[in-house]
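Where a number appears in this text, it was derived from the coordinates with a stated rule and is not lab data. This structure is a prediction, so every number in the text was calculated from the model and none was measured. Glycine gets a Cβ as well: all are built from the backbone with ideal geometry, and neighbour counts include every protein chain shown.
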Amino acid sequence: MNISRTVLKPWAPQFLSILRMVAAASYITHGTTKLFAWPASVLPNGGTIPLNTMAGAGGLIEIILGPLLLVGLFTRPVAFLVCGEMAVAFFTVHFKRGFWPILNGGEVAVLYCFLWLYISAVGPGPLSLDAMRGGDSA
C-alpha cells in the first residue's frame, strides 16, 4: 500500500490551495514589514521603507497583490506578475552578492519566484474565489 497514492493523492488539489494560501500569507508580511514596520521593521533602526524606492515598490506589490493570491482571485496573472517581482528582486539585490542563493541571501526570492511561476501555470486550486466564480480552479 502506497499511502501517498491512496490517501494523499485525492487531496492534491486542496493541498495546492493550502500551499497558495500559506505562501501568500507569508508573502504579504514581506510587504507589511517594509511599508508598515509590522510585525517588525526590516530597517536596522526601525521605521518604514520609502515608497519611491525599489524596495518600497516591492512592498506595494506585496500588500496589494498578496491578498489576491491569498483568496485566489485572478490568480494566474497575479502569480505571474509577482513571479516577475521576485526575479527582479533576486537579480537586482541578491545576485550582486554572488551566484549562490544560499550565500547571497536570495533563497526566499528564488523560492517565491518559482512557486508563483508554478501557481501561474497550474492555477489556484479548488479553494479559491476563482473556482467559486466558475473560473479557474486548477
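Which is more than 15 Å from Cys113 (Cα to Cα) and either surrounded by fewer than 16 Cβ atoms within 10 Å (Cβ to Cβ) or under 11 Å from the mean Cα position of the chain (by Cα) (or both), of Leu68, Leu73? Steps first, please.
Details: Leu73 fails: either surrounded by fewer than 16 Cβ atoms within 10 Å (Cβ to Cβ) or under 11 Å from the mean Cα position of the chain (by Cα) (or both).
None of the others qualify; the one that does is Leu68.
Is there a residue in the range 118-136 that is closer than 18 Å to Leu16 by Cα, over 10 Å from the mean Cα position of the chain (by Cα) and among the β-branched types (Val, Ile, Thr)?
Yes, the conditions are met somewhere in the range 118-136.
Name every residue in the range 12-48 that is without any contact (Cβ under 8 Å) to a residue 60 or more places away in the chain and among the basic types (Lys, Arg), in order of residue number.
Correct list: Lys34 only.
Is there a residue being within 10 Å of the chain's Cα centre (by Cα), among the hydroxyl-bearing types (Ser, Thr, Tyr), part of a helix (DSSP H, G or I) and surrounded by 15 or more Cβ atoms within 10 Å (Cβ to Cβ) anywhere in the range 13-27?
yes
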